[in-house]
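Beneath this line is the structure, given in structure tokens, with notes to follow.
The values are calculated or read from the model by the stated rules, or taken from the named source; none is laboratory data. The model shown is predicted, which means the values in this text are computed figures rather than measured ones. Neighbour counts run over all protein chains shown; Cβ positions are idealised from the backbone, glycine included. Heavy atoms of the whole protein, side chains included, go into the accessibility calculation; ligands, DNA and RNA do not. Shrake-Rupley method; radii C 1.70, N 1.55, O 1.52, S 1.80 Å.
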Amino acid sequence: MTYCIDVERWLPRPGRDAADRDVRIQFDGECEIIGTGCGKAKGLAMRPPVNAHDHGFGVRPLDFGCIDTALEPWIASLSLRPPTDPYLEALVAFGRLLRNGCAATIHCHNSLKIRQLEAEAAAVAKAAKDCGIRLALSCPLLDTSPMVYGGMEEFRKTLQPEEASLIEEELPSPLPAADQVALVGHIASAHSGSGIDVQFGPIGPQWCSDELLQLTAEASAASGRQIHMHLLESQRQPTWLNKRFPGGVVAHLDRIGFLSPRLTVAHGVGLRAAECELLAARGVTVASNPSVNLRLRSGTAPVADFLGRGLDFAIGLDGMGFDDDQDIWRELRLFRMLHGGSGLKPGISNTEIFKAVTETGRHVVNQSDRGDLVVLNYEELIRDSVFDDLDEAEVLLTRMTGINVTDLFVSGRQIVKEGQILTFDFAAARAELRRQSQRHLPQLTALRAKAKLISGAIENHYLTLYP
């Protein structure tokens, strides 16, 4: 179906060119100007942003008592996540993104039980199709070191015997590496296509055996399927990984054929300049996540090295944006503040930021943008402006928030109209998800003490061995 809309401004390349004024846009596949608008149109239209790294928290971590702290003890607090319907969890998470103007997202699934992954992946895929978002589904792969890097043998060095016994009760029982990799293939066969791309999701090299990393690299090369993996997120990870891989984890991944244009690595806070250069040479992309890197005390990514070495990067919310509201526009603003330069020395440009959140983001999710368009209430952003010719990209990066998204089209289908989602009742889904969470309050209350003990033991472990 072909759609035509009239807008006051059409901004095909933010940061590069000024917007075309008073135009009629036809979009069925590629967007194109087909004439002059009616002269009374409002709004600014552009390609929608892409959320290049996320975990799909319908119930957000703070809501179940998972308070921001350093990454490793914070992960242990995720055990308090209530066991809700995975379809509803994904639907609410995707709804937040749609309301903020995102047409596509990568979903790194947090499976509570790995043996339920196939069923949960089906639920997430259905949620994406029902709400209309383009989805890259990263299927989690891990088989080692669930509590601390190095596993229980390393953890016991800092544990009391009674703590060790309690913690060992919580250890997962992973499937063999070959079975996990094969499972991703089954999920891909069932759900790939029609706006869904299934990807390998080794959670991070510190949580994967050598066998699992090798098998993933081989399966990706054979199938052409993309890989999405966390890499060097916290300050502890490079220290431990350099002991496991004396030449550095990036060099090791290169030796086993893991690095390729099919790979996206999230965070990359601990990347060194030479590693950025190697990743760039292999065509790897980094998904940067400024808010969560600060919230979980990991620091800031070396974006200057990304730019200097030609390393492509995208931008993601990681389920924990600056205000916990999944507002990609605020995330862009924070990204610019962190990496826009110091004093008179400029840093990242507006053009590079918008390229990251649109073009490079599309590569990460392995999705087209045919028929995708977002319309913004630009008039509100410049209501008090003296001049009418301000750089639109500058205005968006200074003032834009999700509340000013008016309309969103995905693959030619209108998903958001006048700020409201058309494809499902977001308020009802959110209320039902909260009801489901509340049903588990007694058991979650009982679990809080254990989760606090484990988080404290993990924090003590790293303070002791990685001061």
*asked:* When 1/r is averaged over all different Cα pairs and the result inverted, which Kirkwood radius in Å belongs to segment 149-197?
replied: 14.0 Å
*Would you mind calculating the gained length between Lys42 and Lys126 on full extension (0.36 nm times residue separation, minus the Cα-Cα distance), in nm to one decimal?*
26.8 nm
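Beyond 12 Å, what share of the Cα-Cα pairs of segment 393-442 is found? Please give it as a whole percent.
Counting pairs separated by more than 12 Å, the tail of P(r) holds 73 percent.
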*In Å and from the alpha-carbon atoms only, list the Rg and Dmax of segment 118-225.*
16.8, 52
*Any chance you could tell me what percent of the C-alpha pair distances in segment 426-467 go past 11 Å?*
70 percent
*Return the whole-Å distance between the Cα centroid of segment 161-194 and the Cα centroid of segment 370-436.*
37 Å
*Can you pull the one-decimal nm distance between simple spin-label points at Arg448 and Asp22, each 7 Å off the Cα toward Cβ?*
6.1 nm
*In terms of the ratio Rg/(2.2 N^0.38 Å) built on C-alpha atoms, what value belongs to segment 64-130?*
1.22
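Helix-only mean residue ellipticity at 222 nm, the chain, DSSP H runs n ≥ 4 weighted -39,500 (n - 2.57), per residue, nearest 500. What is it?
Computed ellipticity for the chain at 222 nm equals -12000 deg cm²/dmol.
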*Please sort by residue number the GluC sites (Glu not before Pro) in segment 165-233 whose DSSP state is loop and whose Cβ has at most 16 other Cβ atoms within 10 Å.*
Glu169, Glu170
*asked:* Can you give the FRET efficiency to the nearest 0.05 for Met152 and Glu432, using r as the Cβ-Cβ distance and R₀ = 45 Å?
replied: 0.70
*asked:* I need the peptides 436-446, 17-27 ranked by packing, meaning the mean over residues of other C-beta atoms within 10 angstrom, with the highest value on top.
replied: 17-27, 436-446
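Enumerate by residue number the chymotrypsin sites (Phe, Trp or Tyr not before Pro) in segment 341-397 meeting two conditions: DSSP loop (anything except H, G, I, E, B), and at most 15 other Cβ atoms within 10 Å of the site's Cβ.
Details: sites: Phe354, Tyr378, Phe387; in loops: Phe387.
In loop regions of segment 341-397 (DSSP not H, G, I, E or B), the sparsely surrounded chymotrypsin sites (Phe, Trp or Tyr not before Pro) are Phe387.
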*Going down the list Lys113/Lys157; Lys129/Lys417; Lys42/Lys126, which pairs span over 24 Å between their C-alpha atoms?*
Lys113/Lys157; Lys42/Lys126
*Can you give the Rg to Rh ratio of the chain, both from alpha-carbon atoms, with Rh computed by the Kirkwood formula?*
0.97
*Where only protein heavy atoms count, and the probe is 1.4 Å, what is the accessible area per residue for the chain in Å²?*
41 Å²
*DSSP beta bridges in the chain, what fraction antiparallel, as a percent rounded to 5?*
50 percent
*asked:* Given points 7 Å out from each Cα along the Cα-Cβ axis, report the Arg255 to Arg272 separation in nanometres with one decimal.
replied: 1.5 nm
*For segment 284-401, what is the convex hull volume of the alpha-carbon atoms per residue, in Å³?*
139 Å³
_Please give me the summed charge of the neighbours of Ile203: other residues whose Cβ is under 11 Å from its Cβ, Lys and Arg +1, Asp and Glu -1._
-2
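With a 1.4 Å probe and all protein chains left in place, how much of the accessible area of the chain comes from carbon and sulfur atoms, in whole percent? Spell out each step's value before the answer.
Details: 9750 of 19220 Å².
Answer for the chain is 51 percent, counting heavy atoms of protein chains only.
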*Which order do peptides 43-49, 333-339 fall in by mean Cβ count within 10 Å, highest first?*
43-49, 333-339
_Please compute the volume of the convex hull spanned by the alpha-carbon atoms of segment 1-121 and report it per residue in Å³._
165 Å³
_Rg and Dmax of segment 200-273, Cα atoms only, in Å_ = 11.5, 34
*asked:* Principal axis extents for segment 365-424, Cα atoms only, whole Å, descending order, please.
replied: 38, 25, 16
